[in-house]
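Asker: One structure follows; several queries about it will come next.
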Amino acid sequence: MNKKRLISLLIPVLAIVLGLIVGAIIMMVSGYDPVVGYTQLWEGIFGDPYVMGETVRQITPYILAGLAVAFAFKTGLFNIGVEGQLIVGWFAAVWVGLSFDMPAVLHIPFAILVAGLAGALWAFIPGILKARLGVNEVVVTIMLNYVALHVTNALIRGIAGKDTTDRIAETASLRIPFFEEITMYSRMHGGIFIAILAVIIIYFILQKTKLGYELKAVGFNQDASKYAGMNVPRNIVISMVISGFLAGLAGAMEGLGTFEYVATKTSTTGIGFEGIAVAVLGANHPIGVVFGAILFGALKYGSLNMPNPPAQIPSEMITIIIAIIIFFVASAYLFQWLYEKFSKKKGVK
Amino acid sequence: MGGTDVEYVIEMLNITKVFGNFVANDNITLQLKKGEIHALLGENGAGKSTLMNVLFGLYQPDGGEIRVKGKRVEISDPNVANDLGIGMVHQHFMLVDTFSVTENIILGKEPTKGGRINIKEAAEEIKQLSNLYGLDVDPYAMVEDISVGMQQRVEILKTLYRGADILIFDEPTAALTPQEISELIEIMKRLVQEGKSIILITHKLKEIMEVADRVTVIRRGKGIKTLNVSDTNPTELASLMVGRDVVFTTEKTPANPKEPVLSINDLVVKDYRGTEKVNKLNLEVRRGEILGIAGVDGNGQTELIEAITGLRRSESGTIKLNGKDITNMRPRKVTESGVGHIPQDRHRHGLVLNFTVGENVALQTYYKKPFSNMGVLNHKEIYSKARELIEQYDIRTQSEYTPARALSGGNQQKIIIGREIERDPDLLIAAQPTRGLDVGAIEFIHKRLIEQRDNGKAVLLVSFELDEVMDVSDRIAVIFEGQIIDIVDPKETTEEELGLLMAGQKINKKNNEVDGDKNSPSMKEGE
Ligand SMILES: Nc1ncnc2c1ncn2[C@@H]1O[C@H](COP(=O)(O)OP(=O)(O)OP(=O)(O)O)[C@@H](O)[C@H]1O
Ligand SMILES: [Mg+2]
């Protein structure tokens, strides 16, 4: 059904437009000029090579965090711990970047791998608790977010002796001179390739492999999975570990790409939580996650330009507007439903 | 059609319903008289549930019109149906397990008093309704604690509570024990006495002959005929619905049993509450025979099967397959040792409903060649196998890529049966294999079971349908309170005798005397 395809593509677009309209109304009511506001949003995303580079930089960890949430969700798990797994991944990546001396071809993959493993280990805890003892993963992952935050803070202070570590070695950095040149020295880095690669691999695992088949079966129906001889607890652990690995990679993007150091934090980064929104926007599908991350990352970064004159829209208002746009997209299924209802009614006559 | 005839409470005129490019209902007309029980008969996938979902507002028709008491209506959703006095008891119950009976019934229509739900008043009203129709439901019981038959009565009460006077029953007897079935039949009679009208979907011709006034037969989405039940007979109905003659009794040559395939010794299995449901049970199933297990539901059948297949731990005793000990082996190991299992609850164990037909066909073998190679699935092989089974087992589906959820109940069952028989296991365990299947499909499944037997395999059949056990089995083992209390030859046993055994009474074969009272649940079933 070609028509149905078209509709399912059209609906998110329609939702974005509607979100923008409602956002405009809010700006108007509050006494700001929506045209100027949106122009600045647009310029904040596409205005010059620098912001374009920064937008891509922002999108990169969102892809991985969204992918982490979506992957766990396919197995029926709600990984709210992406945030904590990302924090330990970030720390681990910087640690490898600082303490080892190797050529770049080894240093970068090694640092990324260790970051992934750190995230995986952090996710293994709620995974094994769920699988063996039936402990709800939501509670455990939330608590582990705070443990991750404070443990890494303590380690940073302990190792660096201050609130920020040194810069990682050149050989561990994801920076790509070519990107720097074409984007007026933005912080855009090579991590975007890693994120895209992860999307392809995860897509492959879910669609084409035995492992993906099992994980999905367990997510849909544990009883039938058991009947079919699958090891349900093991699949739960595997799912969490892979999800945590992806979250750890998202941390590596920050540690080896964007910042190249790690500092103590007073609160969580938010990327992990926003990964949930990205997964929802992407309907928990790997490819969908890319689009979700692009939308979320672009709005997030582009809106930084809105408080500047002449628009001078306060950042709180921007948060509201972004939330509304996300809300409309996320409730796109509502539009789908309305559409179906409407077309059915017509069919009767 | 004289649509304005007030004699009819419901008129579905020339209803058409299309899914994609598949016509599920093609110009069907169904008229329900006030106070009648009108049966709807058709093969699996004929479109019965679809037609009823249209009436209940779950689907919108693509053509035709619906009249309620002579007035044309548009039933855009189930709430509209409710307001028109139409209630539906679904094929698969829709209850919240952790809620009480009352909470389930009032869900979505909670009586409020100053903004607060008035449970007590509702419970009182439910109690009264229950008494009026002889339903015997405890409004405060938890749904998870009550039997399937009781849950169904809760569904009935739900519709009555919402003021329905037209009730749709979609295969209400498929999940019930013989005892519960005869009770349900009484309830339905009571309902029409009190002025309700009923549409009844069932595959059991016996039930139609017993309770229905008229019957409408549909075949492959088309309305075939509406008849008075008193003017017809099961044979005619069966051939109308299938489109050919159907043989009711299964033809088979005498069994030629050889060495035992399955031997169970002193097996003890507990249920989740810790009660010993299987209690030092001994049983042998031999190569080349079909052993039927007869018994009232809840006497350990489920636990026995789950223990054999590795889904539940055995406390003590041994289970041997071809002489090899398989006690407490993992399900995968059991499967690979040569056990096929058609589970009792197809939605819970047998299928992943969100998976496609093809993915479900591969559910037991996805990890092996040719379906999987070095961890990568071979979709081409999986779906070509699926096409093969669709063809062989006459699974009515739009394609092998359709999610199992979109298939009719009977066709879902055929996926499982095809999958398990295809693996050609040494021991095939079939629990309620024909539940919800039409007579044509039942005939087909029985043939396949006998074919397995004739090929030198062992078949363990568990069924609550006495007819089925009597017809298909070579030996019948009667299970009572977790033990096999007798093994009988179906050719030398009557349904009455079997019924008594199932109630736990030993028959003294010599003078054919029976001890104990004659209050057996299955006596009503036997004709
Ligand atoms: N939502 C749906 N989407 C696509 N196809 C559907 C859907 N619901 C039903 N069908 C198809 O319509 C046909 C009729 O299904 P229906 O459930 O009405 O059969 P039925 O007569 O109730 O069968 P059974 O006796 O097995 O329950 C089937 O072939 C089924 O695959
Ligand atoms: Mg049906």
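Asker: With r defined as the distance between the Cβ atoms of A:LEU14 and B:ASN228 and R0 fixed at 56 Å, what FRET efficiency is calculated, to the nearest 0.05?
Answerer: The computed FRET efficiency comes out at 0.55.
Asker: How big is the dipole moment of the protein assembly as shown about its Cα centre under a simple scheme where the beta carbon of each Lys and Arg is +1, that of each Asp and Glu is -1, and everything else is neutral? Debye, nearest 20, please.
Answerer: My answer is approximately 1740 debye.
Asker: Additional query: Residues of the stretch B:332-353 losing 30 Å² or more of accessible area relative to the isolated chain, 1.4 Å probe, heavy atoms only?
Answerer: Those residues are B:ARG332, B:ARG348, B:HIS349, B:VAL352.
Asker: Give me a comma-separated list of calculated 3J(HN,Hα) values for the stretch B:367-378, in order, Karplus coefficients 6.51, -1.76, 1.60 applied at θ = phi - 60°, integers in Hz, x for any Gly or Pro.
Answerer: Once rounded to whole Hz, the list reads 8, 10, 5, x, 6, 8, 9, 6, x, 9, 6, 9.
Asker: Name the residues of the stretch A:220-237, by number, that are at least 20 Å² less accessible with every protein chain in place than in the isolated chain; the surface is that of heavy atoms, probe 1.4 Å, without ligands or nucleic acids.
Answerer: Those residues are A:PHE220, A:ASN221, A:ASP223, A:ALA224, A:LYS226, A:TYR227, A:ALA228, A:GLY229, A:ASN231.
Asker: What does the charge dipole of chain B about its Cα centre add up to, to the nearest 20 debye, if the Cβ of each Lys and Arg holds +1 and the Cβ of each Asp and Glu holds -1?
Answerer: With Lys and Arg at +1 and Asp and Glu at -1, about 1440 debye.
Asker: Given the pairs B:LYS324/B:LYS385; B:LYS120/B:LYS158; B:LYS222/B:LYS385; B:LYS17/B:LYS48; B:LYS48/B:LYS204; A:LYS226/B:LYS385, which span a C-alpha to C-alpha distance of over 20 angstrom in this model?
Answerer: Checking Cα-Cα distances, B:LYS324/B:LYS385; B:LYS222/B:LYS385; A:LYS226/B:LYS385 exceed 20 Å.
Asker: Identify, among A:GLY297, B:LEU281, B:GLN483, the residue whose Cα sits farthest towards the positive end of the charge dipole of the protein assembly as shown, taking +1 on the Cβ of Lys and Arg and -1 on the Cβ of Asp and Glu, with the dipole about the Cα centre.
Answerer: Of the options given, the answer is A:GLY297.
Asker: Right, something else. Would you mind working out the accessible area per residue for the stretch B:8-242, using a 1.4 Å probe, and quoting it in Å²?
Answerer: 39 Å²
Asker: Farthest toward the dipole's positive end in the protein assembly as shown, which of A:VAL147, B:ASN131, B:ILE119, given Cβ charges of +1 (Lys, Arg) and -1 (Asp, Glu) about the Cα centre?
Answerer: A:VAL147
Asker: If the cut-off is a Cα-Cα distance under 15 Å, which aspartates and glutamates reach A:LYS208, setting aside same-chain residues fewer than 8 apart in sequence?
Answerer: Candidates past the 8-residue exclusion: B:GLU359, B:GLU381.
Asker: Gaussian network model of chain A, Cα springs within a sub-10 Å range: biggest mean-square fluctuation belongs to which of A:ILE194, A:ILE45, A:ILE182?
Answerer: A:ILE182
Asker: Taking amide hydrogens as modeled 1.01 Å from N in the peptide plane, which residues meet the under 5 Å criterion relative to B:SER314, leaving out close sequence neighbours?
Answerer: Here B:ASN328 satisfy the definition.
Asker: Taking Cα pairs under 8 Å and at least six residues apart, what relative contact order does the stretch A:1-139 come out at, in percent?
Answerer: Rounded, it is 16 percent for the stretch A:1-139.
Asker: Let me ask something additional. Where is the GNM fluctuation largest for chain A (alpha-carbon springs, 10 angstrom cutoff): A:VAL135, A:VAL278, A:VAL69?
Answerer: Ranking A:VAL135, A:VAL278, A:VAL69 by mean-square fluctuation puts A:VAL135 first.
Asker: Now, a different point. List the residues, sorted by chain then number, that are 5 or more residues from A:HIS189 or on another chain and whose placed amide H is less than 5 Å from its amide H.
Answerer: Result for A:HIS189 returns nothing.
Asker: Over the stretch B:465-509, with the other protein chains present, what is the accessible area per residue in square angstrom, probe 1.4 angstrom?
Answerer: Per residue, the stretch B:465-509 has an accessible area of 39 Å².
Asker: Right, here's the next one. Show the residues, 5+ positions off or on another chain, whose built amide H is closer than 5 Å to the amide H of B:ALA430.
Answerer: Amide H to amide H, under 5 Å and 5 or more residues apart or across chains, B:ALA430 pairs with B:ILE342, B:LEU460, B:LEU461, B:VAL462.
Asker: Around B:ALA386, with a cut-off of 13 angstrom between Cβ atoms, what is the net charge of the other residues, counting Lys and Arg +1 and Asp and Glu -1?
Answerer: -1
Asker: With a 1.4 Å probe and all protein chains left in place, how much of the accessible area of the protein assembly as shown comes from carbon and sulfur atoms, in whole percent?
Answerer: Answer for the protein assembly as shown: carbon and sulfur cover 57 percent of the accessible area.
Asker: On to the next question. Give the A-B buried accessible area in Å², both sides summed, 1.4 Å probe, nearest 100.
Answerer: Summed over both sides, the interface buries about 2700 Å².
Asker: With springs only between Cα atoms under 10 Å apart, run a GNM on chain A and tell me which of A:PRO286, A:PRO103, A:PRO49 wobbles the most.
Answerer: Highest fluctuation among the options: A:PRO103.
Asker: Pop out the ³J(HN,Hα) list for the stretch B:475-488 in order, Karplus 6.51 cos²θ - 1.76 cosθ + 1.60 with θ = phi - 60°, rounded to Hz; leave Gly and Pro as x.
Answerer: Karplus-based 3J(HN,Hα) across the stretch B:475-488 equals 9, 10, 9, 9, 9, 8, 6, x, 9, 7, 8, 6, 10, 10 Hz.
Asker: Which value, in Å², gives the accessible area per residue of the stretch A:1-123 when a 1.4 Å probe is used on the protein heavy atoms?
Answerer: Per residue, the stretch A:1-123 has 44 Å² of solvent-accessible surface.
Asker: Using the charge dipole of the protein assembly as shown (Lys, Arg: +1 at Cβ; Asp, Glu: -1 at Cβ; taken about the Cα centre), state which of B:HIS349, A:SER30, B:LEU227 has its Cα farthest towards the positive end.
Answerer: Highest projection toward the positive end goes to A:SER30.
Asker: I need the phi-derived Karplus couplings for the stretch B:272-279: 6.51 cos²θ - 1.76 cosθ + 1.60, θ = phi - 60°, integer Hz, Gly and Pro marked x.
Answerer: 5, 7, x, 7, 7, 8, 10, 10
Asker: I'd like the FRET efficiency for B:ASP136 and A:VAL139, computed as 1/(1 + (r/R0)^6) with the beta carbon distance as r and R0 of 41 Å, rounded to 0.05.
Answerer: Step by step, r from the Cβ atoms, then E = 0.45.
Asker: Give the Kirkwood hydrodynamic radius (Å, one decimal) of the protein assembly as shown, defined as one over the mean of 1/r across all pairs of different Cα atoms.
Answerer: Evaluated on the protein assembly as shown, it is 31.0 Å.
The values are calculated or read from the model by the stated rules, or taken from the named source; none is laboratory data. It should be emphasised that the depicted structure is a prediction, and the values quoted were computed from it without experimental measurement. Here the Cβ is made from the backbone with ideal geometry for all residues, glycine too, and neighbour counts use every protein chain on show. For the accessible areas, the whole protein counts, side chains as well, though only heavy atoms, and no ligand, DNA or RNA atoms are used. Shrake-Rupley method; radii C 1.70, N 1.55, O 1.52, S 1.80 Å.
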